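The structure appears right after this line, and notes come after that.
The values are calculated or read from the model by the stated rules, or taken from the named source; none is laboratory data. Note that the structure is a prediction, hence the values are computed from the model and not measured. In this analysis, Cβ positions are derived from the backbone assuming ideal geometry, glycine residues included, and neighbour counts consider all displayed protein chains.
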Amino acid sequence: MKKYIKTVFLGAAFLLAALLSGCSTEESHAGETAPFVVEAGTEETPASGVKDKSGTAAESTDSGNAPAPTAGKAEGEETTARTAGMEDGAGVAAAMEDTEAGAAEPDASGSFEVHFIDVGQADAALVFCDGHAMLIDGGNAADSSLIYTYLKDRSVDYLDCIVCTHAHEDHVGGLAGALNYATAGCALCPVTSYDSRAFNSFVTYLGKQGVEITVPAAGGSFSLGSASVQILGPIRLDAPDPNNTSIVLRVVYGNTSFLFTGDAEREEEQDILAAGYELESTVLKVGHHGSETSTTYPFLREIMPQYAVISVGADNSYGHPTEETLSRLRDAGAQVYRTDLQGDIVCTSDGETVSFAVERNADADTLGSAGRAPAEAEPGTESGEDPAGGESGAGQQDDSAQAGSGTDYVLNTNTHKFHIPSCSSVKQMKESNKLFYNGTREEVIGMGYDPCKRCNP
């Protein structure tokens, strides 16, 4: 039925384009066609109340009330080769096969949740399935303590898989905090090295656990409990913009599905479309914080999401989410949730339907307010983009800025004390227990370390 509906939508869209040429609101980018036309009566939209953490009701098109977020707990030298194989991490399948695997039927006693964590102008999503957990990105370096606390509060001391969608600091930065609390069965990233302090910290913490980065191959898949995680991108690892090397994952649980797109932009979206992968998904994590350069009409038409989640910082300097992106989501008929307006967002699936719970502002007009106009870009760069290839601005700093403001500490991973490098206690520490960290005192304390009483860092 859904395939039939999509065909009707596509036919209507092209008919409208022919009749109303010149009146379309879509942007004039090569390869994009007319926006969506949603025909009345093609989808069932039963009304229900979604409650936020304070009990405030909001209108939703899913069936049933959203449950409160529940705690999920799992049981229990870099590589440069691109590989489709990955060792079992007590929750991740023994290998990522180069075929699209279907999801197992959800167990009657199973559970599935996605926590879209509010990390400002950054990304972080925690996926739970049947007691297994996967973290997709971790926000900025300044979010390390937030991610550490989020996992600790939910007793998530083991991650079957930790995913860095790409090497920009607003995705990799807080993963060090996650690895300070939880151990990881495997780590996925499109690169094994990148010239930034945030990325090097991620690699260091993985090394302490004896975990190597695996560069996944598009077309592979692995299991997370009874869910199937399909790897759709990147298709090209040599894209000049790291955004277009983003790992794109489609997680399938029963008859529901979730698409995580990192910061993939138009170029990677077109690569994935050309590869012919299944994209239709119940929930879309909108690409690149709602940037105009992502979530293009051709890509969105294949996804046909019922819901979309935008991870974005309030009053950010990039104008995210842009009016162009919000307009496309309106045309798609997707119900939109936003971390800048609603805080942490938890989506729960029973394998047939999904429901949402938000931290605040359940009735927020998520489609009615685009980000403020971005500052004028420097010559030769897109607005809001750091010439070095990362992003810098409200809620995040580039690595050079961090280098000037951070402090060097030595952390004892055995006693969970931290010291200044000249402290006499450092000389008495075993090398295997030493961890060097550059950041703020608050970050280190947030990661679970206590200051040494001798050197009082």
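May I ask you to list the residues in the stretch 189-202 that are in contact with a strand residue (DSSP E or B) (Cβ under 7 Å, 6 or more places away or on another chain), more than 17 Å from residue 244 (Cβ to Cβ) and not polar (S, T, N, Q)?
Within the stretch 189-202, 197 is the sole residue that qualifies.
I'd like the full set of residues that are part of a loop (DSSP other than H, G, I, E, B), among the hydrophobic types (A, V, I, L, M, F, W, C) and modelled with pLDDT of 95 or more, limited to the stretch 103-140.
Scanning the stretch 103-140 gives 117, 119, 122, 124.
Quick one: is residue 284 among the hydrophobic types (A, V, I, L, M, F, W, C), under 21 Å from residue 314 (Cα atoms) and under 18 Å from the mean Cα position of the chain (by Cα)?
In short, yes.
For residues that are at pLDDT below 50 and of a type in the set (Ser, Thr, Tyr), scanning just the stretch 353-388, find the one that is nearest to residue 329 (Cα to Cα).
Only one residue tops the list, namely 383.
Within the stretch 415-435, which residues are within 20 Å of residue 209 (Cα to Cα) and surrounded by 12 or more Cβ atoms within 10 Å (Cβ to Cβ)?
415, 416, 417, 418, 429, 433, 434, 435 - these are the residues of the stretch 415-435 that are within 20 Å of residue 209 (Cα to Cα) and surrounded by 12 or more Cβ atoms within 10 Å (Cβ to Cβ).
Would it be correct to say that residue 193 is of a type in the set (S, T, N, Q) and in a strand (DSSP E or B)? Let's see the steps before the verdict.
Details: of a type in the set (S, T, N, Q): yes; in a strand (DSSP E or B): no.
Against the criterion (of a type in the set (S, T, N, Q) and in a strand (DSSP E or B)), residue 193 does not qualify.
Hey, among 338, 330, which residue is in the same structural domain as residue 287 (by TED's automatic domain parsing), among the basic types (Lys, Arg) and more than 24 Å from residue 146 (Cα to Cα)?
Working: 338 fails: more than 24 Å from residue 146 (Cα to Cα).
After applying the criteria, what remains is 330.
Taking the stretch 243-265, which residues are small (Gly, Ala, Ser) and not in a loop (DSSP other than H, G, I, E, B)?
Narrowing the stretch 243-265 to residues small (Gly, Ala, Ser): 246, 254, 257, 262, 264.
Selection gives 257 alone.
Output the number of residues of the stretch 157-190 satisfying the condition of being within 23 Å of residue 259 (Cβ to Cβ), among the hydrophobic types (A, V, I, L, M, F, W, C) and part of a loop (DSSP other than H, G, I, E, B).
4
Residues are listed down the side, and each one gets a yes or a no for (1) over 29 Å from residue 122 (Cβ atoms); (2) at pLDDT 80 or above; (3) in contact with a strand residue (DSSP E or B) (Cβ under 9 Å, 6 or more places away or on another chain); (4) acidic (Asp, Glu):
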{"position": "390", "(1), (2), (3), (4)": "no, no, yes, no"}
{"position": "393", "(1), (2), (3), (4)": "no, no, no, no"}
{"position": "402", "(1), (2), (3), (4)": "no, no, yes, no"}
{"position": "413", "(1), (2), (3), (4)": "no, no, yes, no"}
{"position": "426", "(1), (2), (3), (4)": "yes, yes, yes, no"}
{"position": "432", "(1), (2), (3), (4)": "yes, no, no, no"}
{"position": "454", "(1), (2), (3), (4)": "yes, yes, yes, no"}
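Quick grid of which residues meet (1) surrounded by 21 or more Cβ atoms within 10 Å (Cβ to Cβ); (2) at pLDDT 95 or above; (3) in contact with a Lys or Arg (Cβ under 8 Å, 6 or more places away or on another chain):
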{"site": "242", "(1), (2), (3)": "no, yes, no"}
{"site": "245", "(1), (2), (3)": "yes, yes, yes"}
{"site": "249", "(1), (2), (3)": "yes, yes, no"}
{"site": "256", "(1), (2), (3)": "yes, yes, no"}
{"site": "283", "(1), (2), (3)": "yes, yes, no"}
